[in-house]
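To start, the structure under review is shown below, and the notes come after it.
All of the numbers you see were taken from the coordinates with simple rules; none came from a lab. Just so we're clear, the structure is a prediction, and the values are computed from it rather than from any experiment. Ideal geometry is used to build each Cβ from the backbone, glycine not excepted, and the neighbour counts take in all protein chains shown.
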Amino acid sequence: AARRVGSPRAEMWARLWQVDVLTERGEFPAADGLLPELARVVKAVGGPVSGWLHDRAAAGVAQALSRYDDADRLSRRGFAQMRGREPAPAHGAFMALQTALARHRGPVDDVLEMARGSWSSPERFRVMGQVTRAHHLLLAGFPDEADAVVSEAGPIEDWELPVFFVVPALARAGAISAALGRVAELHVALERLEPFRGEHATASVVGDPG
């Protein structure tokens, strides 16, 4: 439909949604195969926001396919394009991808420094940001700092999460709670995750491997 009306922007969103759906289904090679078409329409649209959208998606697919250097490069390029324009989504997407990478190859100093700081987020994204920061601190070997940050998010049973953050937030909360010995919170996270058993934990293309 986007091609019929000659709208590169509409086609860009269509391609992004296709990549999102395929990653949510765990069909990463298929998502990877769509990236050249996404790059084509992003180039036609132009501008830093579309460039960031491409890099965010491409970095997530690369991470899922174990191309960690590519994922890191794309994540950093996208962050550099977006951080001065829309700092909250730029920081959120960057930390989410970098935390997924840290599970495979360990944290790196500049991202750890960011996790130890803070950034403003819309209220509906606040909990996900705190959980991501806490998870990164835990992976870096700072459980006390992780405990303090995740405590700021409040009780898991009270979390109100956008639908696209429910599974990844609870998956990370479960990992954090297990590592910190927060048994009651682990049970709550597992109970809330039960309806999603067998699904892939992902949000905006960033996968969270188990």
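Charges were assigned to the Cβ only: +1 to each Lys and Arg, -1 to each Asp and Glu. The resulting dipole of the stretch 67-131 about its Cα centre is roughly 140 debye. Restriction of the chymotrypsin sites (Phe, Trp or Tyr not before Pro) in the stretch 40-129 to DSSP coil positions whose beta-carbon has at most 13 other beta-carbons within 10 angstrom yields no sites.
Rounded to the nearest 20, the size of the Cβ-charge dipole of the chain about its Cα centre is 940 debye, with Lys and Arg at +1 and Asp and Glu at -1. Relative to the longest principal axis of the Cα atoms of the chain, the long axis of helix 48-64 makes an angle of roughly 60 degrees. Once the Cα atoms of helix 183-193 and of the chain are each reduced to a long axis, what angle between those two axes, in degrees from 0 to 90 to the nearest 10, is obtained? It is inclined by approximately 30 degrees.
Spacing of the modelled spin labels on A10 and A44, each 7 Å from Cα toward Cβ, amounts to 1.2 nm. Taking the Cα centre of the stretch 128-195 as reference, the dipole from Cβ charges on Lys and Arg (+1) and Asp and Glu (-1) amounts to some 220 debye.
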